[in-house]
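For reference, the structure discussed in these notes is given below.
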Amino acid sequence: MAATLVLIPGLVSDSIVWAPLAEAAFGFTSVRHADLSDGRSITGMARKLLDETPGDIIAVGHSMGGRVAMEMAHIAPDRIRGLVLANTGHHPKREGEEVKRQQMIDLGNRSIEELARQWLPPMLDPARVGDRDLIDSLQAMVLRAGSEVHERHIRALIGRPDASAYVADITCPILLVAARQDGWSPIGQHQEIADAAPDAELVIIENAGHFAPVERPAETTAAITEWLARRFGETQ
């Protein structure tokens with residue numbers, strides 16, 4: 001049985017992040033959109049996806065979803081055939097991070113609309129911050145999630161596992177997708193994972209920030225489907 005492609009969104013994100021990839025992969029592999037809206041911990045989200053998805057898995061994670069994907073490989077290495085990690089990281093909580101993240105929780109609880117207005121533009125390629133269609137789509141996604149999901153996700157990130165402690169033990173093929181203008185999860189961070197993991201490749205998406213799968217869907221999808229075809233024969 002072919003592996004299921006599990007598409008995992010990030011913080012206050014949903015299926016729009018990986019919709020282009022799901023469409024491109026349709027008919028070539030089993031595809032499932034992960035719903036992390038009720039997740040309270042990275043490990044809990046990983047276990048839930050493993051429990052809900054039978055058989056082998058190729059986990060595709062964006063941002064926080066990449067951390068969930070790595071944790072899935074850590075928990076069930078015999079079931080994870082491959083990982084795609086986009087705009088993500090592996091470090092543990094940094095000094096002073098909790099205070100800054102609590103400020104975001106407080107802002108989101110006061111006004112999720114204001115959180116979306118402040119949080120999204122710095123995540124994007126600076127050249128795209130005037131793109132109203134892009135901004136409106138991402139703002140609508142954040143509003144769909146709401147303040148309670150936002151707080152749960154932030155607290156999950158504060159308590160995240162230290163993936164840097166085990167990434168060298170992940171033996172399945174890994175594709176790292178970094179973006180040139182991503183200041184939140186920079187290219188160097190992805191290179192660290194690539195250097196540590198036994199079987200990893202790094203691709204860089206140009207003219208994109210932290211939401212590369214949404215900012216540059218064609219380029220991101222092409223990079224991933226080429227890798228899937230080459231490593232697994234799961235797509236054209």
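The values are calculated or read from the model by the stated rules, or taken from the named source; none is laboratory data. Worth saying up front: this structure is predicted, and the values here are computed from it rather than measured. In this analysis, Cβ positions are derived from the backbone assuming ideal geometry, glycine residues included, and neighbour counts consider all displayed protein chains.
Consider segment 15-60. How many of its residues are among the hydrophobic types (A, V, I, L, M, F, W, C), assigned to a loop (DSSP other than H, G, I, E, B) and in contact with a His (Cβ under 8 Å, 6 or more places away or on another chain)?
So in segment 15-60, the residues among the hydrophobic types (A, V, I, L, M, F, W, C) come out as 16-19, 21-22, 24-26, 28, 31, 34, 36, 42, 45-46, 49-50, 57-60.
Then drop every residue that is not assigned to a loop (DSSP other than H, G, I, E, B), which leaves 16-18, 26, 28, 34, 36.
Filter once more, keeping what is in contact with a His (Cβ under 8 Å, 6 or more places away or on another chain): 17-18, 36.
So the answer is 3.
Here is a yes/no grid of residues against (1) modelled with pLDDT of 95 or more; (2) of a type outside the set (Gly, Ala, Ser); (3) out of contact with any Cys (no Cβ under 9 Å at 6 or more places or on another chain); (4) assigned to a loop (DSSP other than H, G, I, E, B):
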{"position": "His90", "(1), (2), (3), (4)": "yes, yes, yes, yes"}
{"position": "Arg94", "(1), (2), (3), (4)": "no, yes, yes, yes"}
{"position": "Lys100", "(1), (2), (3), (4)": "no, yes, yes, no"}
{"position": "Gln103", "(1), (2), (3), (4)": "yes, yes, yes, no"}
{"position": "Leu107", "(1), (2), (3), (4)": "yes, yes, yes, no"}
{"position": "Glu113", "(1), (2), (3), (4)": "yes, yes, yes, no"}
{"position": "Gln118", "(1), (2), (3), (4)": "yes, yes, yes, no"}
{"position": "Pro122", "(1), (2), (3), (4)": "yes, yes, yes, no"}
{"position": "Ala127", "(1), (2), (3), (4)": "yes, no, yes, no"}
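Let me spell it out: the conditions are (1) surrounded by fewer than 21 Cβ atoms within 10 Å (Cβ to Cβ); (2) over 16 Å from Arg155 (Cα atoms), and Asp38 meets all of them except one. Which number is the exception?
In the conditions (1) surrounded by fewer than 21 Cβ atoms within 10 Å (Cβ to Cβ); (2) over 16 Å from Arg155 (Cα atoms), Asp38 misses (2) alone.
Go through segment 193-227 and give me each residue that's more than 13 Å from Leu124 (Cα to Cα), in a helix (DSSP H, G or I) and either touching an Asp or Glu at 6+ places or on another chain (Cβ under 9 Å) or basic (Lys, Arg) (or both).
From segment 193-227, those more than 13 Å from Leu124 (Cα to Cα) are 193-204, 217-227; that's our starting set.
Filter once more, so that each one left must be in a helix (DSSP H, G or I): 193-196, 217-227.
Within segment 193-227, Ala194, Glu219, Thr221, Thr225, Trp227 qualify.
When both residues are 6+ apart or on different chains and their Cβ atoms are under 7 Å apart, which pairs have a first residue that lies in segment 131-151 and is within 20 Å of Asp35 (Cβ to Cβ), and a second that is of a type in the set (Asp, Glu) and assigned to a helix (DSSP H, G or I)?
Leu143/Glu113
Residue by residue, here is whether (1) in contact with a strand residue (DSSP E or B) (Cβ under 8 Å, 6 or more places away or on another chain); (2) loosely packed, with under 15 Cβ neighbours inside 10 Å; (3) farther than 17 Å from Asp14 by Cα holds:
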| position | (1), (2), (3) |
| --- | --- |
| Gly65 | yes, no, no |
| Glu71 | no, no, yes |
| His90 | no, no, yes |
| Lys93 | no, yes, yes |
| Ile105 | no, no, yes |
| Gly108 | no, no, yes |
| Ala116 | no, no, no |
